[in-house]
Amino acid sequence: MEKFLQDLIDMLDSETHITMNSYLSDIEEWDSLSVISFVAMADINYGKKLVATDIRKAQTVQNLYNFIAGE
Amino acid sequence: MKMAEVTFDFSGKKFIVTGASSGMGRQITRELALAGAEVLAIARRLPELKELQAEYPEHITIASVDVTDYNGVEKALSAFVQEKGKLHGSIHAAGILTFTPLRAFDEIQAKKMMDISFWAGINLLQVVTKKKYSVESTSHVQFSSVSAWKGQKGLSAYSATKGAAQAGMRSIAKEIAERGHRVNVVSPGWVNTDMTRDLLTNDTIAKEHLLGIGKPEDVSGMVLFLLSDRAQWITGADFVVDGGYLA
């Protein structure tokens, strides 16, 4: 989970304090490109094939993690 | 299916189609078979190829080959030519679309796209224009994309791959013209296929298509035209079929 958080922070290049409970709407760097970047990052780092449509529905960092964890 | 105003007659003609198991490749294979051609349909996924073959068993020969396996492609082609006769053209529709945003750029994925769309396309042309496999005058179509003309976030590698197809084919057109061979490029707008489905959930892209998002059959007509003798004076050119996306 820590690795996931760090990967997400690196991908977003964010200086905001991000936790699993953070709302994506509160993260300034979370934009439309982030969705595509998250899909790419999930594939590269976790071998997960995700769909951008699903990622757009996520509201929190925990929601994103659940996609990676396959829950 | 609605009766088409323009029909083609490819009776007795032979073609090879890569990426034939889905999207554009599948549609072109179907339409060539419907027009009487003998088609060698190549793709990795055998179950989908078998389904396609079942639609026109007398016109479609299938081979489960990865287009980046150059020996495998030539072996399948050689067997097809031996059985059916020499080729009249090829369509390289194999391709993948992977997001490669700068923030999560993966060189392996980027190179894979280039391997399948571009380098495998060059290999295909090298093989299919050999005298032992082709008749004297042949026509070939390779796929570029509107993304070679207009940027979209996350598609740097895909766009570069498609730009490479245009630049590369112009040179090859000059190399093969003397021997009576033609090659052209078709640049579709965003067409609803398995490959693009994820991208098309982006509303902006959909709205930018004046005529709406396309279907494979909106593009295949141009491909069949370029393969036909009505296009005998056309080579080294790019044809945009994009529902007004670049307008």
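Table for the structure above
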| read-out | value |
| --- | --- |
| Identity of the residue in segment B:86-121, among the β-branched types (V, I, T) and surrounded by fewer than 18 Cβ atoms within 10 Å (Cβ to Cβ), that ends up nearest to the chain's Cα centre (by Cα) | B:I96 |
| Filter result (of a type outside the set (V, I, T) and buried (at least 19 other Cβ atoms within 10 Å of the Cβ)) within segment B:74-85 | B:A76, B:L77, B:F80 |
| Condition met for A:D13 (surrounded by fewer than 17 Cβ atoms within 10 Å (Cβ to Cβ), more than 9 Å from every other protein chain (Cβ to nearest Cβ) and under 30 Å from B:M113 (Cβ atoms)) | no |
| Residue in segment B:98-105 that is within 15 Å of B:A164 (Cβ to Cβ) and either touching a residue at least 24 places away in the same chain (Cβ under 8 Å) or β-branched (V, I, T) (or both) present | yes |
| A:D7 vs. criteria under 10 Å from the mean Cα position of the chain (by Cα), of a type in the set (D, E), within 14 Å of chain B (Cβ to nearest Cβ) and surrounded by 12 or more Cβ atoms within 10 Å (Cβ to Cβ) | yes |
| Checklist (1) touching a His at 6+ places or on another chain (Cβ under 7 Å); (2) surrounded by fewer than 23 Cβ atoms within 10 Å (Cβ to Cβ) applied to B:A167, failing item | (1) |
| Conditions (1) farther than 22 Å from B:D66 by Cβ; (2) surrounded by 20 or more Cβ atoms within 10 Å (Cβ to Cβ); number of the one not met by B:S145 | (1) |
| Of all residues in segment B:1-36 being charged (D, E, K, R) and not in a loop (DSSP other than H, G, I, E, B), the one that is farthest from the chain's Cα centre (by Cα) | B:K14 |
| Residues of segment A:15-71 satisfying the condition of being within 15 Å of A:F4 (Cβ to Cβ) and of a type in the set (K, R) | A:K48 |
| Meets criteria (modelled with pLDDT of 95 or more and within 14 Å of chain A (Cβ to nearest Cβ)) for B:K86 | no |
| Residue pairs meeting the criteria (Cβ under 7 Å; at least 6 apart or on separate chains; first within 7 Å of another protein chain (Cβ to nearest Cβ), in segment A:25-41; second part of a helix (DSSP H, G or I) and surrounded by fewer than 23 Cβ atoms within 10 Å (Cβ to Cβ)) | A:I36/A:A52; A:S37/A:M11; A:S37/B:R103; A:V39/A:A52; A:V39/A:I55; A:M41/A:D7; A:M41/A:M11 |
| Hits in segment B:105-119 - residues which are out of contact with any Gly (no Cβ under 9 Å at 6 or more places or on another chain), assigned to a helix (DSSP H, G or I) and farther than 17 Å from B:E74 by Cα | B:E107, B:I108, B:Q109, B:A110, B:K111, B:K112, B:M114 |
| Lone unmet requirement of (1) surrounded by fewer than 14 Cβ atoms within 10 Å (Cβ to Cβ); (2) part of a strand (DSSP E or B); (3) not acidic (D, E) for B:N71 | (2) |
| Extreme residue, nearest to B:K153 (Cα to Cα), among residues of segment A:46-63 that are within 12 Å of another protein chain (Cβ to nearest Cβ) and buried (at least 17 other Cβ atoms within 10 Å of the Cβ) | A:A52 |
| Neighbours by Cβ (under 6 Å, 6+ apart or cross-chain): first from segment B:155-174, closer than 24 Å to A:S37 by Cα; second of a type in the set (S, T, Y) and outside any helix (DSSP H, G or I) | B:S156/B:T100; B:A157/B:T100; B:K162/B:S144; B:K162/B:S145 |
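The values are calculated or read from the model by the stated rules, or taken from the named source; none is laboratory data. Worth saying up front: this structure is predicted, and the values here are computed from it rather than measured. Every residue, glycine among them, receives a Cβ derived from its backbone with ideal geometry; neighbour counts consider all protein chains shown.
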